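Q: One structure follows; several queries about it will come next.
The values are calculated or read from the model by the stated rules, or taken from the named source; none is laboratory data. Since we're looking at a predicted model, the values are computed, not measured. Glycine also receives a Cβ, built like all others from the backbone with ideal geometry; neighbour counts cover every protein chain displayed. Surface accessibility is based on the protein's heavy atoms, side chains included, excluding ligands, DNA and RNA. Shrake-Rupley method; radii C 1.70, N 1.55, O 1.52, S 1.80 Å.
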Amino acid sequence: MNPFRPRLLDRLILGAVAGPFLFGILIFTLIFVAGDLLFQAARLIIEQGVSLGVVTRLFLYRLPEVVAMTFPMSSLLSALLGMTGLAAGSELIALKSLGIPFSRVLRPIVAASLLVSVGTLAFNETVVPFTTEAADRLMKYEIQEKVFLRDESGGELRRVLYVNQMDTRKGILKDVMVHEFEEGRLVRTSVAQQGVWKDGQWWIEDGRVYDVNSRGDINLLFRFERQRLALNLSPEQIQRSTRRPVDMSAHELWAYIRQASMIGSDLSRLWVMFHLKLAVPWACVIMAVLGAGFGASRQGRSGSGVGFGISVVIVFAYYVVMSMCRALGEAGAIWPSLAAWAPNLVFMIVAVFFAHRVDR
């Protein structure tokens, strides 16, 4: 006998939750798409005149990030609806009469949700950062999103660079503005029509340099046709440095935090974000146990519509708790690790309570 072959009971339970899980991914994805991505797409087409082809590509690049968010919700919905269906058909009562505890019923659900959690973590570390970076490049190249760079040394701001449009493939910057600081005060501003990457250096062309005195008065110092830009970043490095930490994988964020720690910045927000990237995927297991226990305890007294509504309420409660803990962690009131993992601990206690309640 193959030890990896699911038993009849396991196949019964997994069959009951598989359909609702796929349904959950579909319905929650549609909700997020309708509430966010379609609004963003419409704004780009109407306000900025972006072509439908570019907007469609942006939509497809953003879609994996949305799908990844639905996995914990779908785990909750599938377990809740699956157990509700088994309870309505008296299968759970029959299993209980045979002396099979609910903990045994939960075993295949926990195993499946563990696979979903690992898959979610892998998906967030590989596919999502890749497609998010592709979306960012599309925003910069096709939709002309502005680029903003800060140059700090020893915790002191030295330079701020604004670029209206950047093409890292050609090594070209358009509409460049550079603010230079000394002891935290703006002392000089340079503006140029464009910047070019040539022979391993950045050069800005057709520009002007202004002096800013201690009173805030601005005076033109000189004009120039070509001047070296003190920016020790290649086009590829600029592209990576302009990525938002929230769009990075946990591995990339870890490296980013280590680099940021060298200048003595407050890293509470970044540490909370890092731990959340690890904690949220494991919510799939917690939501599955909670949904199974809650669905079985209701003994089939609700249909799929009510089950979906209950799932939305539970997910909303989870994200409210997570937002509160996140705010406390970013403010330094609690440890960043606790801020990220506390919602999982709280909802696991609730899940265990409902699971034990079924066997009573």
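Q: Determine the sum of side-chain charges near V212: Lys and Arg each +1, Asp and Glu each -1, restricted to other residues whose C-beta is under 12 angstrom from that of V212.
A: On the way: positive: R185, R188, R215; negative: E180, E182, D211, D217.
My count for the surroundings of V212 gives -1.
Q: In square angstrom, rounded to the nearest 10, how much accessible surface does D206 have for a 1.4 Å probe?
A: 100 Å²
Q: Sorted from largest down, what three extents in whole angstroms do the Cα atoms of the range 1-123 have along their principal axes?
A: Largest to smallest, the principal-axis extents are 66, 31, 17 Å.
Q: What net charge is computed for the residues neighbouring H275, neighbours being all others with C-beta under 12 Å from the C-beta of H275, Lys and Arg scored +1, Asp and Glu -1? Write out the running numbers ahead of the final one.
A: Details: positive: R269, K277, R326; negative: E330.
Surrounding charge for H275 is +2.
Q: Another one. Highest first, please rank the peptides 318-330, 278-290, 69-81 by the mean number of other Cβ atoms sitting within 10 Å of their residues.
A: 69-81, 278-290, 318-330
Q: In debye, nearest 20: dipole of the range 156-216 around its Cα centre with unit charges on the Cβ of K, R (+) and D, E (-)?
A: Numbers: 10 positive and 10 negative charges, 24 e Å.
Its charge dipole is roughly 120 debye.
Q: Another question, then. Once a ≥ b ≥ c are taken as the square roots of the eigenvalues of the Cα gyration tensor of the range 92-132, is the result rounded (a/c under 1.5), prolate (a/b larger than b/c) or oblate (a/b not larger than b/c)?
A: Prolate.
Q: Still on this structure, I have one more. Return the Cα extents of the range 8-57 along principal axes one, two and three, sorted largest first, each rounded to a whole Å.
A: The Cα atoms of the range 8-57 stretch 57, 18, 7 Å along their principal axes.
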